[in-house]
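The values are calculated or read from the model by the stated rules, or taken from the named source; none is laboratory data. Predicted model, so just to flag it, every value in this text is computed and none were measured. Note that each Cβ is placed from the backbone with ideal geometry, even for glycine, and that neighbours are counted across all protein chains shown. In case anyone asks, the SASA skips ligands and DNA or RNA and just uses the protein heavy atoms, side chains included. Shrake-Rupley method; radii C 1.70, N 1.55, O 1.52, S 1.80 Å.
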Amino acid sequence: MTPSAGGELFQPPSETERRGSLSVRVRFDETTPTGGIRTSALLRYAADVASYHSEQRGFSRSWYLERGLAWLVRGVDLDLRRPIGYGDQLTATTEAVGARKVVARRRTEFLAESGELAALVIVDWALISAEGIPTRIPAGLGIAFGMADRGFVPIRVRIPVSDRAPVGFELTVRPHELDPMDHVNNAVYLDWAEEAIRSVPQSDRGPALDAVPRRWQLEYLASAAPGTRVLVSAAPAGTGWSCRIVDRATGQALFAARLEA
């Protein structure tokens, strides 16, 4: 075991402990009118299995709260490989695969009952203080999850210039869109982005939202708090779509996304 600066002991994981798995059944309300899975459901599953794995390693939400720490999603690379629909049973397996200053990366695989890889979700999580300040990941956490000294390039989204004007809508953050950290949950931004794409006139539409395979890359730039008025927009770009979300009052960018199908 290795002591942290605070005197805690961290046990390096065994090969089994390096990963955490949960069985997931796709619910009726997690599918679209076409019968395919709502993309944001995969983000919710990935967060849940990550939390479960963390608890199994001894790092529950209360452990973080006691130390004034929390994880915040900064980037996502979501690759849907095969159709997933209502009632499908998936096995979600997650592993912390890297640490870089204040950001840790998790890789989550979703296997169908056949054993085929149905989806792959890479998430970059930033460690923050109770005041929302990025905080360097303690060495002990890297040891406990077996991710010490594994660097990576953080997920970034560069939106190409589109020859068509973006289309979208405005809304005020609603209570049901908030999570226990009292800001908009990361999966909600993706729901908003897909809603903006659906609002684009049929004549200007790019690839279908329900196309399989499809790949989303997401970057979270700032958090939307209760009551924030946001502007959500989308436009065809290249072979896919680009989406932006900004704070309507300040113009601050909150979220950027690219969809390729």
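Given the options L120, L42, L178, which has the most mean-square fluctuation in a GNM of the chain, springs set between C-alpha atoms less than 10 angstrom apart? Top of the fluctuation ranking is L178.
In this rough spin-label picture, where each label sits 7 Å from Cα along the Cβ direction, the R100-T172 distance is 3.9 nm. If you take the Cα centroid of region 84-131 and the Cα centroid of region 179-253, the two points sit 20 Å apart. Ellipsoid semi-axes for the chain, based on the Cα gyration tensor and the rule √(5λ), read 32, 22, 16 Å when sorted largest first. Would you mind telling me the share, in percent, of accessible area of region 1-155 contributed by carbon and sulfur at probe 1.4 angstrom? About 52 percent, which is the carbon plus sulfur part of the accessible surface. Going by alpha carbons, how many degrees (0 to 90, nearest 10) lie between the helix axis of 39-56 and the longest principal axis of the chain? The angle comes out near 10 degrees.
Principal-axis analysis of the Cα atoms of the chain puts helix 186-198 at an angle of about 10° to the longest axis.
Of the residues A46, A126, A165, which exhibits the maximal mean-square fluctuation in a Gaussian network model of the chain defined by a 10 Å Cα contact cut-off? Residue with maximal mean-square fluctuation among A46, A126, A165: A165. Remark: relative contact order (region 170-233) = 64 percent; criterion is Cα-Cα distance under 8 angstrom and separation of 6 or more residues. Solvent exposure of region 64-171, expressed per residue, is 49 Å² of accessible area, with all protein chains present and a 1.4 angstrom probe.
In this label model, S60 and R136 are separated by 3.0 nm, measuring between points 7 Å along each Cα→Cβ vector. Calculation over all alpha carbon pairs of region 39-126 in 10 angstrom steps from 0 returns a P(r) of 16, 48, 27, 9, 0 percent. Solvent-accessible area of region 168-235 (1.4 angstrom probe, protein heavy atoms only): carbon and sulfur portion equals 50 percent.
Ordered by solvent-accessible area of protein heavy atoms (1.4 Å probe), largest first, the residues V188, V97 come out as V97, V188.
Hydrodynamic radius of region 9-59 by the Kirkwood approach over all distinct alpha-carbon pairs: 12.8 Å.
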